[in-house]
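Here is the structure we will look at, set down as structure tokens.
The values are calculated or read from the model by the stated rules, or taken from the named source; none is laboratory data. A quick note: this is a predicted structure, and the numbers were derived from the prediction, not measured. Note: ideal-geometry Cβ built from the backbone for every residue, glycine included; neighbour counts use all protein chains shown. Surface accessibility is based on the protein's heavy atoms, side chains included, excluding ligands, DNA and RNA. Shrake-Rupley method; radii C 1.70, N 1.55, O 1.52, S 1.80 Å.
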Amino acid sequence: MPPIVAIVGRPNVGKSTLFNRLARRRKAITHDRPGVTRDRLEAPAVLEDRLVTLVDTGGMDFDAPEGLDRQIVVQAEVALAMADVVLFLVDGRSGRTTLDDEVADRLRRVGKPVVVAVNKVDGEEREPAALADFHAWGLPLLSISAAHGHGMNALAEALADALPEEAEATPGTAAAAGLRLAVLGRPNAGKSSLVNALLGEERVIVSDVAGTTRDAVDAAVVKNGKRYVFVDTAGVRKRTRITDDLERDSVGKALGSAKRANVAVVVIDATGGVGVQDKRLISYLDKERTPFLIVVNKIDLIAQKDMIALRKDIAEELRMCSHVPVLYIAAAKGKGVAKVLPMAEAIWEECKIRVGTGALNRAMREVLDKHQPPLVNGRRAKFYYLTQASEAPPTFVFFVSDTARVRDSYVKYLENALRKLFGITMAPVKVVCRDSHKPKE
């Protein structure tokens, strides 16, 4: 594994901005509001030709009360324990604070290489005044501006020099690449509890406070020789109820994570049933042809006599995409969680199906013989041939005489027929009709 560089400091000194700058992508949400980052975030970065794993953390406030604020500090402490090098970020504009001193004392006890970067210094002429307070620690100091890129080369060099020497790779020890799974759903549905249950550790913060997760948090685990990445995301609410720009950014990253995942996992709270926003999210994934499964969480809170009615209700609500598998679990207690990964693997395997052209066109003839396209304005569309354009999702293209004469209902019939013929029971299927004025030679 690449060495780990953990970015720590008190709240609102610019850790996430620096994290994004070093990772060279906007992985972490940044905002003027203190305490935006809660979970620890990870991203690969290259420092002087060395591959590292950057870890962004929430602000270290040792006086934080119990509850959510305390969990943020605990996550930062975990990052410190994992780190090979610690990047301690302070604010050059506001100067040294009592909390900065407490963090510095904590880092001395950790006994790991520490690089201190004084942020928000936008030019060499400002360095003497900005750095003056921090010399009291007796640690080497660098001045930077994470927002504008000042001092980044010197910082990368200092971090690379502090890294441990590269270890020789041991043949046969690398884990095979597994799936990337995005976990989506409304606030408080139990997404973070599910991710922690799959990982077997308290990797992401779980709280009764709605909207606890803000960033899309990547967490990796090796199971059965495969490395899986789970992406815990912010709760997706109805757009008209999102009045805060920070939440809007969180939701945008959640939906973006679904597009980049191999398989999405939609978590529904069993105690609330399938809500309007759940159906909108499912409809969005179905429209985008994203492979996904549905996990109905918190079934431990449902009386046994009510489970039959719950299953019937959910089946009725989800009839718009009946191919999507549904699992019933209690993430907080670990019940049913072991079924999630095998189900995701099965969906992804179906996504990679490839059908030969000969088999496709025999299937097309069979499908058309069973149910001819309907007459539209007295004429029927002619279907010439069928091909598979791509995988993940399986995309089938029918070449026809006039696409305007092919109704959406008939396209749905074609999709269902192809599913039955080729055994595609869980993966999304995309059917496209294109105009062609003559059959393929």
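In the stretch 142-169, the residues that are over 14 Å from Val116 (Cα atoms) and in a strand (DSSP E or B) form Cβ pairs under 8 Å with partners that are open to solvent by less than 20 Å² (accessible area, probe 1.4 Å) and at pLDDT below 90, at six or more places apart or across chains, as follows: His150/Gly123. Contact map, the stretch 266-280: residues that are closer than 8 Å to Asn297 by Cα paired with residues that are surrounded by 13 or more Cβ atoms within 10 Å (Cβ to Cβ) and among the basic types (Lys, Arg), Cβ distance under 6 Å, separation 6+ or inter-chain. Pairs shown: Val267/Lys191; Asp269/Lys298; Ala270/Lys298. Considering only residues in the stretch 276-305 that are part of a helix (DSSP H, G or I) and hydroxyl-bearing (Ser, Thr, Tyr), the one that is surrounded by the most Cβ atoms within 10 Å (Cβ to Cβ) turns out to be Tyr284.
A single entry from Ile353, Ile308, Ile347, Ile314 fulfils the requirement of being open to solvent by 80 Å² or more (accessible area, probe 1.4 Å) and not basic (Lys, Arg): Ile308. When you check Val406 against the structure, is it surrounded by fewer than 19 Cβ atoms within 10 Å (Cβ to Cβ) and touching a residue at least 24 places away in the same chain (Cβ under 8 Å), yes or no? No, not satisfied. In this structure, does Val183 turn out to be of a type outside the set (Gly, Ala, Ser), modelled with pLDDT under 90 and open to solvent by less than 20 Å² (accessible area, probe 1.4 Å)? In short, yes. Between Pro128, Pro171, the distinction of being farther than 30 Å from Thr290 by Cβ, over 35 Å from the mean Cα position of the chain (by Cα), surrounded by fewer than 19 Cβ atoms within 10 Å (Cβ to Cβ) and modelled with pLDDT under 90 belongs to Pro128 only.
The set of residues in the stretch 20-55 being modelled with pLDDT of 85 or more and surrounded by 15 or more Cβ atoms within 10 Å (Cβ to Cβ) consists of Asn20, Arg21, Leu22, Ala23, Ala45, Leu47, Arg50, Val52, Thr53, Leu54, Val55. Each residue in the stretch 362-403 was checked for being in a loop (DSSP other than H, G, I, E, B), among the hydrophobic types (A, V, I, L, M, F, W, C) and open to solvent by 10 Å² or more (accessible area, probe 1.4 Å), and 2 of them qualify. For the stretch 76-94, a residue qualifies if it is outside any strand (DSSP E or B) and open to solvent by less than 10 Å² (accessible area, probe 1.4 Å), and the qualifying residues are Ala76, Ala79, Leu80, Ala83. The lone criterion from (1) closer than 18 Å to Pro291 by Cβ; (2) of a type in the set (Val, Ile, Thr); (3) under 23 Å from the mean Cα position of the chain (by Cα) left unmet by Val337 is number (1). Restricting Asp313, Asp369 to residues that are charged (D, E, K, R) and either touching a Ser or Thr at 6+ places or on another chain (Cβ under 7 Å) or over 30 Å from Ala182 (Cβ atoms) (or both) narrows the list to Asp369.
On the basis of being farther than 16 Å from Ala219 by Cα, surrounded by 20 or more Cβ atoms within 10 Å (Cβ to Cβ) and at pLDDT below 80, does Val8 make the cut? When the stated conditions are applied, Val8 does not pass them.
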